[in-house]
Amino acid sequence: MRLMGWKTFRHGVHPPELKDETSGLPIRQFPFAPVLIVPLSQHLGKPALPLVQEGQEVLRGQRLAKADGFFSVSMHAPASGVVRRIGLAPSISGRMTTAVFLEPFPGSTQEVLEGTPCPVDTATPDEIIAAIQDAGVVGLGGAAFPTHVKLKIPEGKSVDTLIINGVECEPYLTTDHRVMLEQREDIYLGIRYLLKATSVERVIIGVEANKPDAARHLREGLPTDLPVTVSVLPVKYPQGAEKMLISALLGREVPSGGLPLDVHALCVNVATTAEIGRLLPHGRGIQERAITITGPAVREKGNYRIPMGTPLRFLLEQVGVTDEVHRVFLGGPMMGHAASNLDISITKGTSGVVAFTGVESDRTHDREYPCIRCGYCLDACPLFLDPCKLGALARNEEHAVMAEEFHLMDCFECGACSFVCPSHIPLVQRFRVAKGAVRKKAALEKAAS
Amino acid sequence: MRLDFEETRDLWKKFEALRPHFQKGGKFEKLYPLFEAKETFLFVPPHTAKGRVHVRDAMDIKRLMSTVVVALIPCILWGMWNVGYQKLLAQGDPTPLLACLGHGAWHMLPIILVSYLVGGICEVTFAIVRKHEINEGFLVTGMLFPLVCPPTLPLWMVAGGIAFGTIIGKEVFGGTGMNILNPALTARAFVFFAYPAHMSGDAVWSAAGPDAVTGATPLAVAAAAHGPGVVTALGAQGITYRDSFLGLIPGSMGEVSALACLIGALILVGTGVGAWRIMISMIAGGLAGGFLMNASAGATSAGIMHLPPHWHLVLGGFAFGTVYMATDPVSAAATHTGKLIYGFLTGVLAVLIRAVNPAYPEGVMLAILFMNVFAPLIDHFVVQSNVKRRLARV
């Protein structure tokens, strides 16, 4: 939809952006940790099946694990080294997951292994989709949804617009911004691959107005033979969410419980697109990704290209944190998860590491006040749900009512309601719990019948 | 007024030393809410969030409540001056600024103090018994109530009113956020119906002694007048539109000045605390109600039926009710469309009660209380119509 000449979506919030400290810093290569812990489940879907054994030497870029079925992707070695162990490791969700413990060779040149190239001119759509799955590409915006699954358009559905998501609406994060400035050619090559795989007619790159240099840079290098437009959107959270971006750019509303496909749109993150353009011509896989490391407690703030599986502890030691460090979380401050443990490793879905001191943490203190029905959350919710009512129901654990009458399952947990709530009610946190309970109940009922 | 932690470390330490007495097993265990309230009034407590959303909007419930109190300041100051001014005027004395303020404060401050004291005691008692926290909401209620009372109200009635408003209007429903009616208006309604002689009539609006010549409120004048010449009748009493807008008329302590309410409205709308939808629609409703009355008025009907619509906005509690009372988020409608409907109906109803029932010239209070009851229903229908519209589109 349009608002005073600007394309945007309705509702949403304006958290402080706090991007200035890192948005001007180029992406730098990060050193290898003494041990890299590479989880086999860094994506949504089935965990990958390991192809290596304990004690085996691997080369950087070699495949460590293969996809288990269509809804899964491969995993590649982030460094040349020895597989020390395959066992359980802690993950950000709190669960232990199977991981490959890889010890890089200290003296290695860390040359990346070349694979079978997938040339954009000659490859068929199915070959490109298979190559993307083999390269282990998932949505790098944070959800880590396997990209090739999106590209495989089911029979009877059609897509007319490909949206490249360069919004990056989370406060603090600047990786997509840097990728747009530094990897323009990769992005356009990635778009060629995506166009060929899906035969879509037009491409829109959505960029928020706080990154004018990125939009300008992309426009300047626009290849004349590509049907691409760069669209600048006003700054608003959560514009980077698929459904909101589609609503902003195309004015189409993804139906409840539906997918972007239902409104003939397809959304791919800009960093994911750049990775496709970077990896496929060489037949390589993802072994590292760009991450913003920032926050008031971090000394060497910046954007880094970090090998997958780098443990959080090593990462924080390298950039240095002040003594006042109080809380570390992966992802942005709105949707990120607080780390309970520093042995968690960086995965494909990690877009940033933010460290807060006690001062910032205090601002989000736990004290909960009564709901005064001010309606701020109603104005914030981008999906037009009723967080006020849902919150009251969540308190009494009326999960079934929440799901059936108040569309709980439509909530994608952007946290806008919790951000604005003047009574500091942990709304989105409760909705997560409720969604988990509803899913569990559905699974149990299914198993019983 | 939150204190900076560094500056007050010593004070904080002293309080911390007292903490064990207030915690479970301590001497004053039962009074923990009181101790805890000190902490939240003075300091930001050192708790931390653990889940998602690691940043928060700076607008929290305390700032919300304090913004309302700040927005009330123009009404308080004007009211203080006007109470003194009306008194001196009625006594035939000169009316210098400071003397007016002094006389006004003499009548007004005890009422505000009693309101806060009694309201606070009720709040604290309930917090202790129910083991919940003391909420800043009573700072607003305790200030709103005195402002809608006449300056001559006996203090024991103030105490009874605010106690009724806090307990029956709010606490019996489960405390802040759970009340159906606006607690300050509930308090006023209680006093109005229990002690009508002290809340209505001509004699109560001026703080001057019984011998002085006291003026009736413009609404009473309009209700008593007959036929279309109502503005002339008001003029005969020395009441002009300009005076009514500025607030140079007798009336409840804080609500005489539409101008002061307008300044308050700007503060509330500017900070996003007050709902402009309710204010605008209530004004529209008041005007619509006024036109309706004019159209249905006969030559012999009461003067208030003939009162031009724009007069309704500046007389009595209409402006005050629009800005501070109807916008109370707890008791108002929450959806956008709901707010518009709620405000409009409140405005129409206020004028209707005023004009049709001359016994209650102050219809705004009753209109808002009445619509408070219907607010959840309005919200329900708005939500249902949204659901229907979206279903039809699929």
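Look at (1) within 14 Å of chain B (Cβ to nearest Cβ); (2) surrounded by fewer than 24 Cβ atoms within 10 Å (Cβ to Cβ); (3) outside any helix (DSSP H, G or I) and you find that residue A:343 fails only one, number (1).
Hey, any hits in the stretch A:302-321 for a residue that's open to solvent by 30 Å² or more (accessible area, probe 1.4 Å), within 14 Å of another protein chain (Cβ to nearest Cβ) and not acidic (Asp, Glu)? No, the stretch A:302-321 contains no residue that is open to solvent by 30 Å² or more (accessible area, probe 1.4 Å), within 14 Å of another protein chain (Cβ to nearest Cβ) and not acidic (Asp, Glu).
Test residue A:356 against the stated conditions and say whether it is of a type in the set (Phe, Trp, Tyr), within 9 Å of another protein chain (Cβ to nearest Cβ) and open to solvent by 30 Å² or more (accessible area, probe 1.4 Å).
Against the criterion (of a type in the set (Phe, Trp, Tyr), within 9 Å of another protein chain (Cβ to nearest Cβ) and open to solvent by 30 Å² or more (accessible area, probe 1.4 Å)), residue A:356 does not qualify.
Checked against the criterion of being modelled with pLDDT of 90 or more, surrounded by fewer than 16 Cβ atoms within 10 Å (Cβ to Cβ), aromatic (Phe, Trp, Tyr) and under 19 Å from the mean Cα position of the chain (by Cα), the stretch B:301-323 has no qualifying residue. Look at the stretch A:372-392 and say how many of its residues are open to solvent by less than 30 Å² (accessible area, probe 1.4 Å) and more than 10 Å from every other protein chain (Cβ to nearest Cβ). Summing the residues that are open to solvent by less than 30 Å² (accessible area, probe 1.4 Å) and more than 10 Å from every other protein chain (Cβ to nearest Cβ) in the stretch A:372-392 gives 6. The numbered conditions (1) part of a helix (DSSP H, G or I); (2) open to solvent by 20 Å² or more (accessible area, probe 1.4 Å) are all true for residue B:350 except (2). Scanning the stretch A:91-138 for residues that are open to solvent by 40 Å² or more (accessible area, probe 1.4 Å) and part of a strand (DSSP E or B) turns up A:96, A:98, A:103. Among the residues of the stretch B:316-333, those that are assigned to a loop (DSSP other than H, G, I, E, B) and of a type in the set (Val, Ile, Thr) comprise B:327, B:330. When residue A:369 is tested against (1) closer than 27 Å to residue B:381 by Cβ; (2) surrounded by 18 or more Cβ atoms within 10 Å (Cβ to Cβ); (3) modelled with pLDDT under 90, just one condition goes unmet, and that condition is (1). Restricting the stretch A:285-334 to residues that are among the charged types (D, E, K, R) and out of contact with any helix residue (DSSP H, G or I) (no Cβ under 8 Å at 6 or more places or on another chain), the residue that is modelled with the highest pLDDT is A:305.
Given the criterion touching a residue at least 24 places away in the same chain (Cβ under 8 Å), within 14 Å of chain A (Cβ to nearest Cβ) and in a helix (DSSP H, G or I), identify the matching residue among B:145, B:126.
Of the residues listed, the single one that is touching a residue at least 24 places away in the same chain (Cβ under 8 Å), within 14 Å of chain A (Cβ to nearest Cβ) and in a helix (DSSP H, G or I) is B:126.
If we keep just the residues of the stretch B:165-197 that are surrounded by fewer than 21 Cβ atoms within 10 Å (Cβ to Cβ) and under 15 Å from residue B:365 (Cβ atoms), which is modelled with the highest pLDDT? Restricting to residues being surrounded by fewer than 21 Cβ atoms within 10 Å (Cβ to Cβ) and under 15 Å from residue B:365 (Cβ atoms), the top hit is B:190.
Considering every residue within the stretch B:111-120, establish whether at least one is part of a helix (DSSP H, G or I) and within 14 Å of chain A (Cβ to nearest Cβ). Checked against the condition, which is being part of a helix (DSSP H, G or I) and within 14 Å of chain A (Cβ to nearest Cβ), the stretch B:111-120 yields no hits at all.
Select from the stretch A:393-444 the residues that are in a loop (DSSP other than H, G, I, E, B), more than 11 Å from every other protein chain (Cβ to nearest Cβ) and in contact (Cβ under 8 Å) with a residue 24 or more places away in the chain and write down the one among them that is most open to solvent (accessible area, probe 1.4 Å).
Here is the first cut: in the stretch A:393-444, the residues in a loop (DSSP other than H, G, I, E, B) are A:396-398, A:406-407, A:411-415, A:421-426.
Filter once more, so that each one left must be more than 11 Å from every other protein chain (Cβ to nearest Cβ): A:396-398, A:411-412.
Still in the running and in contact (Cβ under 8 Å) with a residue 24 or more places away in the chain: A:397, A:411-412.
Values: A:397: 133, A:411: 18, A:412: 57 Å².
So the residue we want is A:397.
For the stretch A:322-335, filtered to residues that are surrounded by fewer than 20 Cβ atoms within 10 Å (Cβ to Cβ) and not in a loop (DSSP other than H, G, I, E, B), the residue that is farthest from the other protein chains (Cβ to nearest Cβ) is A:325. Across the stretch A:210-226, the number of residues qualifying as touching a strand residue (DSSP E or B) at 6+ places or on another chain (Cβ under 8 Å) and open to solvent by less than 40 Å² (accessible area, probe 1.4 Å) comes to 5.
Just the residues that are assigned to a strand (DSSP E or B), touching a Phe, Trp or Tyr at 6+ places or on another chain (Cβ under 6 Å) and surrounded by fewer than 21 Cβ atoms within 10 Å (Cβ to Cβ), please, taken from the stretch A:2-52. Within the stretch A:2-52, A:28 is the sole residue that qualifies. The residues listed here are A:147, A:161; of these, the one that is modelled with pLDDT of 90 or more, of a type in the set (S, T, N, Q) and within 16 Å of the chain's Cα centre (by Cα) is A:147. Close contacts from the stretch B:85-114, counting a first residue that is surrounded by 14 or more Cβ atoms within 10 Å (Cβ to Cβ) and a second that is among the charged types (D, E, K, R), with Cβ to Cβ under 6 Å and a gap of 6+ residues or different chains, come to B:103/B:87. Of all residues assigned to the stretch A:366-381, none qualifies as being in a helix (DSSP H, G or I), under 30 Å from residue B:388 (Cα atoms), of a type in the set (Gly, Ala, Ser) and more than 23 Å from the chain's Cα centre (by Cα).
I'd like to check something: does the stretch B:240-259 contain any residue that is open to solvent by 60 Å² or more (accessible area, probe 1.4 Å) and either aromatic (Phe, Trp, Tyr) or under 20 Å from the mean Cα position of the chain (by Cα) (or both)? Scanning the stretch B:240-259, I find at least one residue that is open to solvent by 60 Å² or more (accessible area, probe 1.4 Å) and either aromatic (Phe, Trp, Tyr) or under 20 Å from the mean Cα position of the chain (by Cα) (or both), so the answer is yes.
For the stretch B:361-393, what are the residues that are open to solvent by less than 70 Å² (accessible area, probe 1.4 Å) and under 21 Å from residue B:187 (Cβ atoms)? Within the stretch B:361-393, B:361, B:362, B:363, B:364, B:365, B:366, B:367, B:368, B:369, B:371, B:372, B:375 meet the criteria.
Suppose the filter is out of contact with any Leu (no Cβ under 7 Å at 6 or more places or on another chain) and open to solvent by 10 Å² or more (accessible area, probe 1.4 Å); does residue A:282 pass it? Against the criterion (out of contact with any Leu (no Cβ under 7 Å at 6 or more places or on another chain) and open to solvent by 10 Å² or more (accessible area, probe 1.4 Å)), residue A:282 qualifies. Residues considered: A:251, A:258. Of these, the only one that is under 23 Å from residue A:409 (Cα atoms) and more than 13 Å from chain B (Cβ to nearest Cβ) is A:251. Would you confirm whether any residue within the stretch B:150-162 is touching a Gly at 6+ places or on another chain (Cβ under 7 Å), more than 14 Å from chain A (Cβ to nearest Cβ), open to solvent by 40 Å² or more (accessible area, probe 1.4 Å) and not aromatic (Phe, Trp, Tyr)? Within the stretch B:150-162 (the criterion being touching a Gly at 6+ places or on another chain (Cβ under 7 Å), more than 14 Å from chain A (Cβ to nearest Cβ), open to solvent by 40 Å² or more (accessible area, probe 1.4 Å) and not aromatic (Phe, Trp, Tyr)), the answer is no, since none of the residues qualifies.
Mind listing whichever residues of the stretch A:135-171 are within 14 Å of chain B (Cβ to nearest Cβ) and out of contact with any Ser or Thr (no Cβ under 8 Å at 6 or more places or on another chain)? Within the stretch A:135-171, A:169, A:171 qualify. With respect to the stated conditions, residue A:200 fails to be of a type in the set (Val, Ile, Thr) and either more than 21 Å from residue A:190 (Cα to Cα) or open to solvent by 20 Å² or more (accessible area, probe 1.4 Å) (or both).
The values are calculated or read from the model by the stated rules, or taken from the named source; none is laboratory data. Keep in mind it's a predicted model, so treat the numbers as computed, not measured. We place every Cβ from the backbone using ideal geometry, glycine too, and count neighbours over all the protein chains shown. To get the accessible areas, we keep the full protein, side chains included, count just its heavy atoms, and leave off ligands, DNA and RNA. Shrake-Rupley method; radii C 1.70, N 1.55, O 1.52, S 1.80 Å.
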